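The values are calculated or read from the model by the stated rules, or taken from the named source; none is laboratory data. Since the model is a prediction, treat every value here as computed from it, not as a measurement. Counting neighbours? That spans all protein chains shown, and the Cβs are built from the backbone with ideal geometry, glycine included. Quick note on the areas: whole protein, heavy atoms, side chains included, nothing else; ligands and nucleic acids left out. Shrake-Rupley method; radii C 1.70, N 1.55, O 1.52, S 1.80 Å.
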Amino acid sequence: MAAVHDRLGLVPIINAAGTMTDIGASRAVPEAVSAVAEILPEFIDIADLQCRASAAIAAATGAEAGFVTSSAASGITLGIAGAMTGSDLAAVARLPDTDGLACEVIVPAGHLVDFGAPVAQMIRLAGAVPVAAGTVFDAQPFHLAAALSPRTAACLYVVSHHTAQSGQIGLARAIDACHSAGVPVIVDMAAEYDLRRPFDLGADLAIWSAQKFLGGPTAGIVAGRADLVRAAWLQGRGIGRAMKVGKEGIAGAIAALETWRHRDHEAARGREAQIVGAWLAALRGSPGLGLRRLPDWTGNPVERLEITVGREAGLFAWELADRLAARNPSIRVRDDLVGTGAIHLDPCNLEAPEAAAVAAAIRDETGRSVAAGDGLRISWEAWRESRLRTALSWPERP
Ligand SMILES: *Cc1c(COP(=O)(O)O)cnc(C)c1O
């Protein structure tokens, strides 16, 4: 592990969780690391640097233009702000006061997700009002059509494993329904590998995280129609100032995007498949563990291992996640569905030796709790409450 852990007194982490903001999102690619280091001591014209970013984003996505934001979340807020104000600088200066502007943003109800914070709040942050269309498991073109009105500024469409996964309107049909009313469609693609699909289908604006699969620094990427991108960029004179991205974020995101095109994606997929195969082999036959390869829900080219934790494992899935996290190095697994009794292992941020340590630790913790009989104690609700208590007592640590 890096010396920085020692220096700051931090526990090193083996990341079997995937790209999670809470643990630093991703390992930045070396090209992004050196781009950040190279530009930090220099002066550059930020508008020129964003022009350069626009060209890189256009080349990577097929969009007309783009710019870099401080995060995907701020990209959503700024994109929606731009859809409301256009290039009206007085309106930019007035936000989040939306007097006189169309300010409703239609969102399919099943897309009102929480990615660490509610996406509806990113809409409200611009002064806009989220309007749910349809119900959680049912959104169809007629639901969108009924929600559209002269007050509508945009539609926000979320592509993510966080959304409801059944009954959702497809992106192409959502774009059709909105475009026939002259309403732009903004697509949250924060964690999606596909950089082109929204524009192949005619979307007006789309937003990616630069620090998830791209391996860039903390930043977001906004791409789309030139007029909407410009309007979103102009928010830097208003609410966008509170979400400032610096030269290092912009330069690092450009480097990550340009590197993405030349990365050996086949080899990466091969490494990840090998890791999942090795986990299956290492954990097969462990009492109480149900193992299954799980393709990504939204079609990203990553396969994870789902481990359903039964009582014979001697502990609940959330207790297993906690015990893995309490080790040194701390092993973090995906626990967003842990309430269903399953943890998920994601290979995308792991080297083979780390992956082997993950499987060994799981065998170790389940074996130990069967022997000690000290598991199956904490209910899921009690576990959730204890997580909240930890957050509410920060900066005290448990
Ligand atoms: C991660 C994520 C975000 C937020 O991205 P940041 O770059 O962390 O702001 C937004 N939407 C979805 C669907 C995400 O997965």
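Odds and ends about this structure:
- Prolate/oblate/rounded call for region 294-379, Cα gyration tensor, a/c under 1.5 rounded: oblate
- Inter-label distance for residue 145 and residue 274, nm, one decimal - labels placed 7 Å from Cα along Cα-to-Cβ: 5.4
- The phi-based Karplus calculation (6.51 cos²θ - 1.76 cosθ + 1.60; θ = phi - 60°) puts the 3J(HN,Hα) values of region 104-113 at 8, 10, 7, 9, x, 3, x, 9, 7, 8 Hz, whole numbers, x for Gly and Pro.
- Extension gain (nm, one decimal) between residue 225 and residue 336, 0.36 nm per residue minus Cα-Cα: 36.5 nm
- Amide H partners (placed H, <5 Å) of residue 157, local residues excluded: 186, 187, 188
- Solvent-accessible area per residue, Å², over the chain with all protein chains present [probe radius 1.4 Å]: 46
- Peptides ranked, highest mean first, by Cβ atoms within 10 Å: ranges 301-312, 103-114: 103-114, 301-312
- Charge tally around residue 130: other residues with Cβ under 12 Å, Lys/Arg +1 each, Asp/Glu -1 each, net 0.
- Antiparallel DSSP beta bridges within the chain, as percent of all bridges there, nearest 5: 55
- As a fraction of the 1.4 Å probe accessible area of region 1-125, surface on carbon and sulfur atoms comes out at 57 percent.
- With all projection directions averaged, the alpha carbon convex hull of the chain covers 20.3 nm².
- Inter-label distance, nm, simple model (7 Å from Cα along the C-beta direction), residue 377/residue 23: 2.4
- Computed in the context of the full set of protein chains, the accessible area of region 230-303 at 1.4 Å probe radius has 51% of its extent on carbon or sulfur.
- In a reduced charge model with +1 at each Lys and Arg Cβ and -1 at each Asp and Glu Cβ, region 242-398 shows a dipole moment near 100 debye about its Cα centre.
- Here the spin labels are modelled as points 7 Å beyond Cα on the Cα-Cβ line, and at residue 200 and residue 88 they lie 3.7 nm apart.
- Interchain or long-range residues, amide H under 5 Å from residue 14's placed H: 330, 331, 332
- Global geometry of region 287-334, whether rounded, prolate or oblate, following the gyration tensor of its Cα atoms and the 1.5 cut on a/c: oblate
- Estimated vicinal HN-Hα couplings, Hz - region 215-223 in sequence order (Karplus 6.51, -1.76, 1.60; Gly, Pro = x): x, x, x, 4, 5, x, 10, 10, 9
- The orientation-averaged projected area of the convex hull spanned by the Cα atoms of region 10-63 comes to 6.0 nm².
- Here residue 136 and residue 284 are evaluated by their C-beta separation; at R0 = 45 Å the FRET efficiency comes out at 0.75.
- Contact order normalised by residue count of the chain, Cα under 8 Å, 6+ apart, percent: 21
- Placing unit charges on the Cβ atoms of the charged side chains and taking the dipole of region 15-152 about its Cα centre, the candidate lying farthest along the positive direction among 93, 46, 126 is 126.
- Total charge dipole magnitude, the chain, about the Cα centre, Cβ charges on Lys, Arg, Asp, Glu only, Debye to nearest 20: 400
- Derived scalar couplings between HN and Hα for region 48-64 equal 5, 5, 5, 4, 4, 4, 4, 5, 5, 5, 4, 5, 7, 10, x, 7, 6 Hz in order, rounded to whole Hz, by the Karplus curve 6.51 cos²θ - 1.76 cosθ + 1.60 (θ = phi - 60°), x for Gly and Pro.
- For region 96-145, the square roots of the Cα gyration tensor eigenvalues, ordered a ≥ b ≥ c, give a/c of at least 1.5 with a/b no greater than b/c, which places it in the oblate category.
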